[in-house]
Amino acid sequence: MALNTKIAIAVTKFTNRGMRIVGKNGRSLPGKIGLKFDKNLIRNLSSGTSTILITGTNGKTTTTHIITQAILNEFGACAYDPTSTNMSQGIATTLCLDAKVSGKRKSTFNVIECDEGATIRVVPQIKPDIILVTNLFKDQVDRYDSITKARDYIIDAIKSSPDSICILNADDQIVASIADFVDNRIVWYGVSCDLYSDEFKSIDKQVACVKCDAPLKFNHQTFAHLGNFYCEKCGNKAPAISYNLTSFKPENSLGDFSRFSRLKIKITNESSQSVDFTANISAPYDAYNALAAFCALDVFGLNQKNIISALARFKHAQNRFELFKIEGHSLYLHLIKNAVGANQVISTIASSNSFKNQKLFVVLLGKEIMDGQTTQWINEVDFDKLNSVKTKFILGGPCFDDLQNRLLELGIDKTQMRCIDNYSELLKEIIKCNQDCNVLANCSTNMDFRKLLVGTGELVDFWGQD
Ligand SMILES: [Zn+2]
């Protein structure tokens, strides 16, 4: 290993340790400094190891956690980032922490969550064995000016690594169109069963064909623009799938949400088989993540027993969905990051068994850098699906007035809303309401409000197995 690489590793490790001493867990800064000493740090540290790389708009973190657990089951060790810092600096840190200063790696596997835009810098360096794309939705609008922009970064990334096997979502026409531009081996996965009942399904009614702009049609649509699509004008259609989710059933209800789900996947490759297993997921949109992870790991050649055990046991990332007990009542904290994700959370709450009894909803909104510095996306969120005569909304966070405008626009009565700027006042108001509640908050507000909850209530290990 060259001297500058060794220095880069040492500096990254040193910075990381220093940050931990002062109580900071961020993985960006150490890698950023390391990359200044060796711009090929990621290439040098990943050479001779195997990598599964996960990218896409939603579901990256959950999919990465399942895959990491399965790799740990099979091999006992791998480099991964529990904090999901998915830009190249964070990835450099993750690889450095898994290396000795001599450059020798401790493990031979990497599971890398990668931001869509960062794929173009990371993939050419790391040349993953497997590249998995979950989906491509409109994200925080200022990041990419069109929905195909993120896709084009991914296409260029894949082109730089012709031996990578691509695991692609066949139900997403934007993801499916990647196949037109690359020569890599592709394995398709898709969902042929219903994930939501018709009443709670949040589907895009008008989807324009990515190839000719004509209205796209669907044989079956799961949610948003995902489903078995076809275009009558240009012949664009969903590719044939090798990993087909044919059944999804939530079970083991705990409180308002089911704790596990039963999934059935039909695999059609050299040897046709059907796999039936329980996964530690409850939200229907996570079915895609479980399926994607299963597909990638099976193609990678992992023992199916280890994959299934990972699906049953993996731990959800902190902050996606958590349950707190506060003065005897349940408080469900949900992370919402973009319109599609928020609508899925709302559909999941609205379709839960005891929704009829839930009348208190708290929505928090901010626009920090981590939020994409915009709140425009809430104009596509169907908050009214939570509304009934007795529903009460408490709105908070720095951008509560944008929320109020959106709720008014959706026809929700102003008397049902209360805006509270200050988080501790807001929590007092929740406690005063003396009932269970759901809190929907975007990245910055989720982080800030969570700190207060941790100090006040009891965090229930909702996903714990035992
Ligand atoms: Zn078309």
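The values are calculated or read from the model by the stated rules, or taken from the named source; none is laboratory data. Everything quoted here is computed from the prediction, not taken from an experiment. Note: ideal-geometry Cβ built from the backbone for every residue, glycine included; neighbour counts use all protein chains shown.
Out of curiosity, is E409 within 14 Å of V381 (Cβ to Cβ), surrounded by fewer than 20 Cβ atoms within 10 Å (Cβ to Cβ) and assigned by TED's automatic domain parsing to the domain that holds E327? So E409 fits the description; yes.
When F361, F400, F393 are checked against the criterion of being within 30 Å of M87 (Cα to Cα) and not small (G, A, S), F400 stands alone in meeting it.
Matching residues to (1) within 16 Å of the ligand (Cβ to nearest atom); (2) buried (at least 20 other Cβ atoms within 10 Å of the Cβ):
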{"position": "Q221", "(1), (2)": "no, yes"}
{"position": "Y230", "(1), (2)": "yes, no"}
{"position": "G235", "(1), (2)": "yes, no"}
{"position": "V275", "(1), (2)": "no, no"}
{"position": "T278", "(1), (2)": "no, no"}
{"position": "Y288", "(1), (2)": "no, yes"}
{"position": "A292", "(1), (2)": "no, yes"}
{"position": "G301", "(1), (2)": "no, no"}
{"position": "F314", "(1), (2)": "no, yes"}
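Contact map, the range 345-356: first residue hydrophobic (A, V, I, L, M, F, W, C), second residue at pLDDT below 70, Cβ cut-off under 8 Å, separation 6 or more or different chains; pairs are I349/D256; I349/F355; F355/D256. Cβ-Cβ distances below 9 Å connect the following pairs, each with a first residue in the range 231-243 that is closer than 10 Å to A214 by Cα, a second residue that is within 12 Å of the ligand (Cβ to nearest atom) and among the polar types (S, T, N, Q), and a separation of six or more residues or different chains: C231/Q173. Cβ-Cβ contacts under 9 Å between residues 6 or more apart (or on different chains), taken from a first residue in the range 184-210 that is in the same structural domain as P162 (by TED's automatic domain parsing) and within 17 Å of L386 (Cα to Cα) to a second residue that is of a type in the set (G, A, S) and assigned to a strand (DSSP E or B), are listed as S202/A224; I203/A224; I203/G227.
The number of residues in the range 20-54 that are surrounded by fewer than 17 Cβ atoms within 10 Å (Cβ to Cβ) and of a type in the set (A, V, I, L, M, F, W, C) comes to 2. Considering T94, T51, T85, the condition of being more than 30 Å from D204 (Cβ to Cβ), in a loop (DSSP other than H, G, I, E, B) and among the polar types (S, T, N, Q) is satisfied by T85 alone.
Against the list (1) in a loop (DSSP other than H, G, I, E, B); (2) in contact (Cβ under 8 Å) with a residue 24 or more places away in the chain, the condition T148 fails is (1). Tell me, which residue of the range 171-211 that is modelled with pLDDT under 95, in a loop (DSSP other than H, G, I, E, B) and exposed (fewer than 13 other Cβ atoms within 10 Å of the Cβ) is farthest from the ligand (Cβ to nearest atom)? Filtering first and then ranking leaves S197. When each of N16, N44 is tested for being modelled with pLDDT under 95 and either within 16 Å of T85 (Cβ to Cβ) or assigned by TED's automatic domain parsing to the domain that holds L302 (or both), the lone residue that passes is N16. With respect to the stated conditions, N252 fails to be in the same structural domain as L72 (by TED's automatic domain parsing), on the phi < 0 side of the Ramachandran plot, touching a Ser or Thr at 6+ places or on another chain (Cβ under 9 Å) and modelled with pLDDT under 90. Any idea how many residues of the range 237-252 are part of a strand (DSSP E or B) and either more than 12 Å from the ligand (Cβ to nearest atom) or more than 27 Å from S274 (Cβ to Cβ) (or both)? Of the residues in that region, 10 qualify.
Looking across S351, S330, one residue alone is out of contact with any helix residue (DSSP H, G or I) (no Cβ under 8 Å at 6 or more places or on another chain) and of a type outside the set (A, V, I, L, M, F, W, C). It is S330. Candidates are the residues of the range 369-406 that are acidic (D, E) and within 21 Å of the chain's Cα centre (by Cα); the one that is surrounded by the most Cβ atoms within 10 Å (Cβ to Cβ) is D371.
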